[in-house]
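One structure is given here, and the rest of the page talks about it.
The values are calculated or read from the model by the stated rules, or taken from the named source; none is laboratory data. Just so we're clear, the structure is a prediction, and the values are computed from it rather than from any experiment. As a convention, Cβ positions derive from the backbone with ideal geometry for all residues, glycine included, and neighbour counts pool all protein chains shown.
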Amino acid sequence: MKRLIECVPNFSEGRDPAKVAALVEVMRAIPGVFILDRESDVDHNRCVVTLAGEPEAVAEAALLGVGKALELIDLTKHTGAHPRLGAADVIPFIPVEGVTLDDCVALAKRVGREIWERYKIPVYFYEAAATRPDRTNLENIRKGQFEGLRDDVLINSNRAPDIGDARLHPTAGAIVVGARKFLIAYNINLNTSDVEIAKKIGKVIRFSNGGLRYVKAMGVDLRARQIAQVSINLTDFEQTPMHRVFEMVESEARRYGVSIVGSEIVGLVPKRALEMTADFYLQLENFSSSQVLENRLESSLGGIPAETGGNLAALAQPFLEAVAHPSATPGGGSVAALAGALAASLGQMVAGLSRKKKSQFTLIEKLSEELAGLQASARFLTEAIDRDAASYDAVLAAFKLPKETVEDQASRERAIQVATQGAAEVPLSVAQHAAEVYEKLGQLEAISSASMLSDLRVGRLMAAAAARGAMENVAINLDSLTDAAFIDDMRRKMKEVEARLVSPHAPAGRS
């Protein structure tokens, strides 16, 4: 049985795109770990990364994230609207498939011990992993935040960590590690800059003050947007659904003469949660989740792989819909990376099938070598689909940085330049790897079965398109940069890629 967990580490950094990217990359480097989502917020000065994969791989990725946060984040210099206790603030493990909540508790305890042993950062356990009832709720552990706990823990034994010495790390603070069910981070924005109104609404709706069950809430000042936000965590959306929370916030807001201007989901949300909200507002009669097209397809096809001759269009549809959606990402860079990954996948198919043919028996070793190289290229290009989107999101985040003072403006411009350089480097790496795939497919022509020549040539056309498409993204980002040496170096590398695409074995045209 497949064993999958989710982990959603929260880091106390949301204003420096380069630091956020570094945190993501160190966790992405672990084989078998998938970055499902990343969110950064300038006002909160916080980023949330969603990981998924096998438990051991995800645990190691989270540990590396803690190490990178220790290196990059100094809480003595950190400010933001969101409460925080550590550089790596919260690390929850969530069961997905083939794993129980108890399994995640055991994993959380092991990761907590490892954090102390590796980094000497004290650890508190919360939710299902809590060692005592009052630490089930994160708010109780984080009371006073970094500055308050730093002093209190020295004199109050009741606030000592679960693992580690009774003192906080000087710059990284402490970390709260736990296990829980799926949580929806749901924020509702108000058309007022008065954060006290948001705080009062948060107090009314949260369960700890007699409000809605499975709801945690607080008021947050979004200074960059000059509005107030009710920041909410739903710990059991099936018992207390999103629409019920929205309705209560809307009702309370009216009491203060304000209204809702929008809401947002931070990270991922179960489809079931959106189905429940749609059912409520549309007042659907006798609605069933089986009426949702994607649910019916999943039930009918069961995720049928290509070799079974199933509905392949259904497998491609989610990515196509994501690209078609009117949002900045995923865009051309992600599409280019996908084209390169498809080219490498075609090469894998050809090499794999050729190895089975008697006519290619003497070439098995060479074919196996080519297959391994194409597998590595496919993995890199597949991961680049998300990396490209994330690099552009980092640019957008940099543009949202404060610009009220001269210092703010200078810091914002530096962040924009750093993020834009990253947004140029990612597609360049895609172009370089796509060019490598282009060359490998050309080499395969001489040793693979002749019956699959058309597959190789389709792959080469896709690889060339991937490389040239990615370089379009490089070029448009270079137009926004000011570092002449960086620009010259990138343009030199682009010329090198273009030269590789006109090498021998180019696909023949048709008359």
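Listing for the model above:
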{"item": "Single residue of 474, 395, 458, 418 found to be hydrophobic (A, V, I, L, M, F, W, C), in contact (Cβ under 8 Å) with a residue 12 or more places away in the chain and under 30 Å from residue 353 (Cα atoms)", "result": "458"}
{"item": "Single residue of the range 190-214 satisfying the filter (in contact with a Ser or Thr (Cβ under 6 Å, 6 or more places away or on another chain), of a type outside the set (Phe, Trp, Tyr) and free of Cβ contacts under 8 Å to residues at least 60 places away in the same chain) that is surrounded by the most Cβ atoms within 10 Å (Cβ to Cβ)", "result": "212"}
{"item": "Checklist (1) surrounded by fewer than 21 Cβ atoms within 10 Å (Cβ to Cβ); (2) at pLDDT 95 or above applied to residue 89, failing item", "result": "(1)"}
{"item": "Number of positions in the range 116-140 that are assigned to a helix (DSSP H, G or I) and free of Cβ contacts under 8 Å to residues at least 24 places away in the same chain", "result": "4"}
{"item": "Matching option when the condition is among the aromatic types (Phe, Trp, Tyr), free of Cβ contacts under 8 Å to residues at least 60 places away in the same chain and either buried (at least 23 other Cβ atoms within 10 Å of the Cβ) or not assigned by TED's automatic domain parsing to the domain that holds residue 408 (or both), among 11, 34", "result": "34"}
{"item": "Selection within the range 59-115 - under 15 Å from residue 181 (Cβ atoms), outside any helix (DSSP H, G or I) and either among the acidic types (Asp, Glu) or not assigned by TED's automatic domain parsing to the domain that holds residue 42 (or both)", "result": "97"}
{"item": "Residue satisfying condition, being in contact with a Ser or Thr (Cβ under 7 Å, 6 or more places away or on another chain), within 30 Å of residue 416 (Cα to Cα) and part of a helix (DSSP H, G or I), within set 473, 477", "result": "477"}
{"item": "Flag for residue 423 being in contact with a Phe, Trp or Tyr (Cβ under 6 Å, 6 or more places away or on another chain), under 21 Å from residue 38 (Cα atoms) and not β-branched (Val, Ile, Thr)", "result": "yes"}
{"item": "Scan of the range 380-413 for residues that are part of a helix (DSSP H, G or I) and aliphatic (A, V, I, L, M), ordered by number", "result": "381, 384, 385, 389, 390, 394, 395, 396, 397, 398, 406, 410"}
{"item": "Meets criteria (among the small types (Gly, Ala, Ser) and exposed (fewer than 14 other Cβ atoms within 10 Å of the Cβ)) for residue 144", "result": "no"}
{"item": "Candidates 117, 54, 127 - the one that is acidic (Asp, Glu), under 24 Å from the mean Cα position of the chain (by Cα) and surrounded by fewer than 23 Cβ atoms within 10 Å (Cβ to Cβ)", "result": "54"}
{"item": "Filtered residue count, the range 243-258, keeping only those that are touching a strand residue (DSSP E or B) at 6+ places or on another chain (Cβ under 6 Å) and either at positive phi or at pLDDT below 95 (or both)", "result": "0"}
{"item": "From the options 416, 364, residue that is of a type in the set (Val, Ile, Thr), at pLDDT below 90 and assigned to a helix (DSSP H, G or I)", "result": "364"}
